Amino acid sequence: MMGCGCLGPRSALPNHEKVKSPVDNAKVDFEAAVDHGLSEGEWNKVLSSLGRTPTWSELGVISVMWSEHCSYKSSRVHLRKFPTEAPWVLQGPGENAGVIDIGDGLAACFKMESHNHPSFIEPYQGAATGVGGIMRDIFTMGARPVANLNSLRFGRPEAPRMRFLLEGVVAGIANYGNCMGVPTVGGEVAFDEQYDGNILVNAFTLGVMPSSRIFRSGATGSGNPVMYVGSKTGRDGIHGATMASEEFGDNDDAKRPRVQVGDPFTEKKLLEACLELMKEDAVLAIQDMGAAGLTSSTCEMAAKGGSGIEIDVTKVPQRELGMTPYEILLSESQERMLMVVKPGAEARVTEIFTKWDLDAAVIGLVTNSGQVVVREGDQEVVRLPTELLVDDAPKYDRPTRRPNLEQVWHQLPQLSDLRAEGTTSAEARLLRLLARPTIASKRWVFEQYDWSVRTSTVRGPGEADAAVIRLPNVQSEPNPHTCRGLAMTVDMNARFVHLDPRRGAYLGVLEAARNLVCVGARPMALTDCLNFGNPEKPEVMWSLVEAIEGMSQACRDLDTPVVSGNVSLYNETNGRAILPTPTVGMVGLVDDVTKSPGMAFQREGDEVLLLGEPADAVLGGSELVLMEAGGLLGQPAEPNIDRARRLHTTVLEAIRSGYISSAHDAAEGGLLVAIAESVVNGRIGAKLGLPFEVSLASLFGEGASIILVSTSHGESVRTLAETHGCPVYNLGVVGGQALVVDQLCEVRVEILANVWEDGLRQAFDLSRT
Amino acid sequence: MKVAVITFPGSNCDSDAISVMRVMLGLDTKAVWHKEARLPDQVRLVIIPGGFSYGDALRSGAIARFSPIMADIKRFADAGGLVIGICNGFQILLESGLLPGAMLQNASQKFVCRMVQVEAVSNTTPFTSDYQRHEWLRIPVAHHEGRYHADEETYRQLQRDDRIAFRYGCRDNPNGSLGDVAGIVNAQRNVLGMMPHPERAVESLLGSDDGLRLFRSAVRFAKSREG
């Protein structure tokens, strides 16, 4: 796993004011190393490995390569626990993105990445460049990006700047993705006060490519030319990777210049130029310049290839005058790529990039020295062993401490009775839940995203539990001749992870799989973004380790390996961490997209069935408890993989058989909210009774493997459920102008719809579109 | 006959348009790079697709109008050739003077992508003859600068000459355009500009196939003139 990550401890933060105007003959000593974020141990390691004091540029290179963001030094020892293999995995963690075989000569390439820190400082550019970065990871592998999703976390509407952050992030994602012509087909947005000081922006991209033509990053072949293509290099984003490895304090305006500025138009040209070039036999290896720019791409390509690279910074296309080697090496200017090409192909590469009005320059060559060498003309400014920068980078098994979770588990309050009248009646509770920003419609968000470009979106945002696209042909063009498709979802209930990291992370993976099942997809593999606080705090580190264990177990149980991912640590402000949020992006295969159901009830007279066991739902960590008790309390549900498997098999078979009109899993808000969502999205009522023990937990509890379906083949679905040993309950029929649940609620559809559609806009006072 | 789909740097609906013409309608469809000086021979229909030509720098379409191919498209249109500009393509046609009026930012100041109700106002154009007059269609929009505007005299003339091809439903106007205008034709009726994306409405699986008849109608017209 690599790419956009995070850097060192607060105590050992680079002092950016001091490293602002570096010169190459500046004095390099322990103090300079500390300003660059190195610890004393790390500094000593540098000295003993090199047997000399590094140059200023070398110190810059080492500091970014050893940053948390690039080196994963706090998480590396634990990330190995993820299962990463399966017969369909063509590329697991370690390259720019993971790749799985999806049949018909096609492969799907996908990854998710965080851009949390920059987005909090400058939401529009931060989110935009996050989207740009993840798309670059995908087309670096040779795949054409065909779908974007995103997972966002914001604080309370009343928190400072929160509306500005929400509007900026959404506009930034929209502008970049829309301009690239890559549809944003799904995502999730949740709100919690623990994101007041650190929002999360996790961007997922999936691309499709011929399975026979995957491009990788290892630089090999001594003497082969190394080419720089794309935008010119400027002074923007220097030490962006380090910023992403810090906590925030009160005066973070000063960090704004470290946020990169995105130019989706240039990236669109870069995409087309790269894919055009990749059709020819010219590119041997390629790596995008993301975090830590030219430094990390050079070092990683050399390390992957077990080779060396020598470059001359004076050959790098520059858009500012007088840039030092240090600045050129550490710039995070966007929309750039580094590639090793076949000798003799240089002119052809230049021709294609010139056609697209982009720069292309030979800046060096591959060597077999095992060293990264940087020259400024005749003068050598960096000579470092590749191994020291990548494989031998520090890694820490940081101490962990389990907090007293029992205390919050046992604090689950006694909520007022279900049959109460007035404000705590089931109906009143349902209406209040539907207006909660986390549950309410996200239409205001996703209508700003182009979700229909590429004419492949079968199930777009808000339509179903997962997004569904039809597969393109091998040239990555829209393909009306196939029924095969891919389903994607991004998911994680961080409230559960907070209350019980292992169990919560497991439940999150399980829910992602359930979402895919709801659209008729077989879960195949996943990518993740592990968003946590400061790993030097043993309790934060403990939650990270536990979450990885929980996710790993779920991945093994579901046979969905982790093929790529990203870690974002130090999501803290003034010592307060975010909810631990190990976001999952899961991908599944759909054999027939024409049968992929949405969540909306379709037809008057369809039977409504509940598959799975509603008694498995619990109030611990639920939206209802948060709403009524004002906190995250109780223990999340205990996962039951056996029940989940039976449920998944039943629903997949029922969808394949064409029995299912709609399918929707019960998530935030529980079963009653899920029912209401199927009603409002279908703009048709339902008349239901609940043939099981009705309690607050079965109505509003969360964490159970249950799926609500509507069908005109009720008997067949019941038979299937019995065959697979999946509990099934007949709830009633679709129809009418109201949602009627026997003895619990009777609300007109338009009232439910108004409350749900307006919730987010009202909470944030957003303008109407 | 051949169809040409123009690609500018930043075009991103070109492959969708090509897919409709080539794969769904089985036509010989050429992707034409904007730096070409001439359209290929035997082209009878030109599609200027949507996207963000030149990153929408300055104004949408303001730079694309200077691309070499635009001079030949103008010549082609003056000779009666059929031209469809969709979304950014519409903006480019306005900027190049092939259609009257101008485009403003959406009233919401935000990008909007959703399925909208569109009324086929005039069916006396080569593009809309397969629609009933006042037929309601479902076609998606996806744009940030789609608020059509024209001076009073131009708008009156468009109305008088039945040149308003499409309007949004008055309660479903996604951008606040003048008179709910969604698409117009030139005086000779052979150049159509529209903000909604008919090429994204060609299969009910993807939400609607109401846009397909627009292309069928244009192709039939072009073929009939070919003799």
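The values are calculated or read from the model by the stated rules, or taken from the named source; none is laboratory data. Computed from a predicted structure; not experimentally measured. FYI the Cβ positions are ideal-geometry reconstructions off the backbone, even for glycines, and counts take in every protein chain you see. For the accessible areas, the whole protein counts, side chains as well, though only heavy atoms, and no ligand, DNA or RNA atoms are used. Shrake-Rupley method; radii C 1.70, N 1.55, O 1.52, S 1.80 Å.
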Have a look at B:R75, B:R22 and point out the one that is open to solvent by 60 Å² or more (accessible area, probe 1.4 Å), within 11 Å of another protein chain (Cβ to nearest Cβ) and either out of contact with any Asp or Glu (no Cβ under 6 Å at 6 or more places or on another chain) or among the aliphatic types (A, V, I, L, M) (or both). B:R22
Within the range B:194-210, is there a residue that is over 16 Å from the mean Cα position of the chain (by Cα) and among the charged types (D, E, K, R)? yes
Can you find even one residue in the range A:467-488 that is under 20 Å from A:I102 (Cβ atoms), assigned to a strand (DSSP E or B) and among the polar types (S, T, N, Q)? no
Which of the residues belonging to the range A:440-457 are more than 10 Å from chain B (Cβ to nearest Cβ) and open to solvent by 10 Å² or more (accessible area, probe 1.4 Å)? A:K442
Considering each of A:A393, A:A361, A:A303, A:A285 in turn, give the residue that is part of a loop (DSSP other than H, G, I, E, B), of a type in the set (A, V, I, L, M, F, W, C) and more than 14 Å from chain B (Cβ to nearest Cβ). A:A393
How many residues does the range B:177-219 hold that are open to solvent by less than 10 Å² (accessible area, probe 1.4 Å), under 10 Å from B:F127 (Cα atoms), among the hydrophobic types (A, V, I, L, M, F, W, C) and more than 14 Å from every other protein chain (Cβ to nearest Cβ)? 5
Scanning for something open to solvent by less than 40 Å² (accessible area, probe 1.4 Å), modelled with pLDDT of 95 or more, in a loop (DSSP other than H, G, I, E, B) and touching a strand residue (DSSP E or B) at 6+ places or on another chain (Cβ under 9 Å), does the range A:364-376 turn up at least one residue? yes
Return the total of residues in the range A:173-220 being within 14 Å of another protein chain (Cβ to nearest Cβ), assigned to a strand (DSSP E or B) and among the hydrophobic types (A, V, I, L, M, F, W, C). 2
Quick one: is B:P40 assigned to a loop (DSSP other than H, G, I, E, B) and in contact with a helix residue (DSSP H, G or I) (Cβ under 8 Å, 6 or more places away or on another chain)? no
It is to be established whether one or more residues within the range A:720-727 are under 22 Å from A:V189 (Cβ atoms), part of a loop (DSSP other than H, G, I, E, B) and touching a helix residue (DSSP H, G or I) at 6+ places or on another chain (Cβ under 6 Å). no
Is at least one residue of the range A:158-171 buried (at least 24 other Cβ atoms within 10 Å of the Cβ) and within 13 Å of chain B (Cβ to nearest Cβ)? yes
Residues of the range A:132-189 being of a type in the set (D, E, K, R) and within 21 Å of A:D263 (Cα to Cα), which ones? A:R136, A:D137, A:R144, A:E167
Residues that are assigned to a loop (DSSP other than H, G, I, E, B), surrounded by fewer than 24 Cβ atoms within 10 Å (Cβ to Cβ), touching a Pro at 6+ places or on another chain (Cβ under 7 Å) and not basic (K, R): does the range A:682-695 have at least one? yes
Within the range A:586-606, identify whether any single residue is over 28 Å from A:T719 (Cβ atoms), touching a helix residue (DSSP H, G or I) at 6+ places or on another chain (Cβ under 7 Å), in contact (Cβ under 8 Å) with a residue 24 or more places away in the chain and part of a loop (DSSP other than H, G, I, E, B), and answer yes or no. no
When you scan the range A:58-71, do you find a residue that is open to solvent by 20 Å² or more (accessible area, probe 1.4 Å), touching a strand residue (DSSP E or B) at 6+ places or on another chain (Cβ under 7 Å), farther than 26 Å from A:Q553 by Cα and not aliphatic (A, V, I, L, M), even just one? no
Looking at this structure, is B:S15 within 24 Å of B:F111 (Cβ to Cβ), open to solvent by 10 Å² or more (accessible area, probe 1.4 Å) and within 12 Å of another protein chain (Cβ to nearest Cβ)? yes
Considering each of B:I184, B:I164, B:I139 in turn, give the residue that is over 21 Å from B:M21 (Cβ atoms) and touching a residue at least 60 places away in the same chain (Cβ under 8 Å). B:I184
Let me spell it out: the conditions are (1) in contact with a Gly (Cβ under 8 Å, 6 or more places away or on another chain); (2) over 26 Å from B:D209 (Cα atoms), and B:D78 meets all of them except one. Which number is the exception? (1)
Total residues in the range B:48-60, condition free of Cβ contacts under 8 Å to residues at least 60 places away in the same chain, within 14 Å of chain A (Cβ to nearest Cβ) and not in a helix (DSSP H, G or I): 4
Filtering the range A:557-577 down to residues that are assigned to a loop (DSSP other than H, G, I, E, B) and open to solvent by 10 Å² or more (accessible area, probe 1.4 Å) yields A:D559, A:N574, A:G575
Odd one out for A:G460, checked against (1) more than 9 Å from every other protein chain (Cβ to nearest Cβ); (2) crowded, with 19+ Cβ neighbours inside 10 Å: (1)
Could you say whether any residue in the range A:665-676 is under 24 Å from A:R459 (Cβ atoms) and touching a His at 6+ places or on another chain (Cβ under 6 Å)? yes
Against the condition over 29 Å from A:G550 (Cα atoms) and surrounded by 23 or more Cβ atoms within 10 Å (Cβ to Cβ), how does A:S705 come out, does it pass? no
Residue under evaluation B:A222, criteria (1) open to solvent by less than 10 Å² (accessible area, probe 1.4 Å); (2) touching a Leu at 6+ places or on another chain (Cβ under 9 Å); (3) under 29 Å from A:N175 (Cβ atoms); (4) more than 14 Å from chain A (Cβ to nearest Cβ), criterion not met: (3)
Can you pull out every residue in the range A:324-358 that is more than 14 Å from every other protein chain (Cβ to nearest Cβ) and in a loop (DSSP other than H, G, I, E, B)? A:T324, A:S331, A:E332, A:S333, A:K342, A:P343, A:G344, A:A345
What residue, among those in the range B:135-170 that are among the hydrophobic types (A, V, I, L, M, F, W, C) and away from chain A (no Cβ under 14 Å), is farthest from the chain's Cα centre (by Cα)? B:C170
